[in-house]
Amino acid sequence: MKIGDVAEQTAMSVKSIRYYHDIGLVKGNRGANGYREYNAQQVSSLLFVQHCRELGFSIEECRSLLLLKHDPKRCASDVKKLASEHLQALEQKMQRLQALHQELSGLVAQCQGGDSPDCPIIDGLSGKCCHDN
């Protein structure tokens, strides 16, 4: 299957597929004409990587998971360890995002808007105390 057909079937961009090929994550086979050709297993691997990326796994984590996927002697504990570490990192990011949300929500709530140049948001982003208004 040519790269354009793979892109259509997987809803991935040709650029992403080429990138994964270039970094050796999922390599297509080069035909005599120089075009990349992908078989069913390679398309399946691309879909796997796509799903991993949607879950926020890094390229290197995807590489590790893909190696484990294709290893019939893999240990599920290795897969779980990698996924658990990623889950922990996601939870930390979520906590940080929640704190950022609370901080920004507070700044927005303090700002009256209008034509005045006084702005608690600017003050807060500048590190000035804006709670005294």
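Every read-out reported here was derived from the displayed coordinates using simple, explicitly stated rules and does not represent laboratory data. On a predicted model such as this, the values are computed, not experimentally measured, just so you know. Cβ sites come from the backbone with ideal geometry, for glycine too, and all protein chains shown count toward neighbours.
For Gly127, the stated conditions do not hold, so it cannot be described as under 30 Å from His21 (Cβ atoms) and part of a loop (DSSP other than H, G, I, E, B).
Take Lys80 and decide whether it is basic (Lys, Arg) and assigned to a helix (DSSP H, G or I). Against the criterion (basic (Lys, Arg) and assigned to a helix (DSSP H, G or I)), Lys80 qualifies. Hey, among the residues in the stretch 25-48 that are over 14 Å from Gln9 (Cα atoms) and surrounded by 12 or more Cβ atoms within 10 Å (Cβ to Cβ), which one's farthest from the chain's Cα centre (by Cα)? It comes out as Tyr35. For the stretch 1-59, a residue qualifies if it is among the aliphatic types (A, V, I, L, M), in a loop (DSSP other than H, G, I, E, B) and under 26 Å from Leu82 (Cβ atoms), and the qualifying residues are Ala11, Met12, Ile23, Leu25, Val26, Leu55. Among the residues of this structure, Ala40 does not count as one that is among the hydrophobic types (A, V, I, L, M, F, W, C) and farther than 26 Å from Ile17 by Cα. Residues in the stretch 49-99 that are of a type in the set (Gly, Ala, Ser) and more than 27 Å from Ser13 (Cα to Cα): Ala76, Ser77, Ser84, Ala89, Ala99. Residue count for the stretch 8-40 satisfying the condition of being closer than 30 Å to Ala89 by Cα and either touching an Asp or Glu at 6+ places or on another chain (Cβ under 6 Å) or free of Cβ contacts under 8 Å to residues at least 40 places away in the same chain (or both): 15.
Which residue out of His86, His101 is closer than 28 Å to Lys27 by Cβ, part of a helix (DSSP H, G or I) and within 22 Å of the chain's Cα centre (by Cα)? Criteria check complete, one pass: His86.
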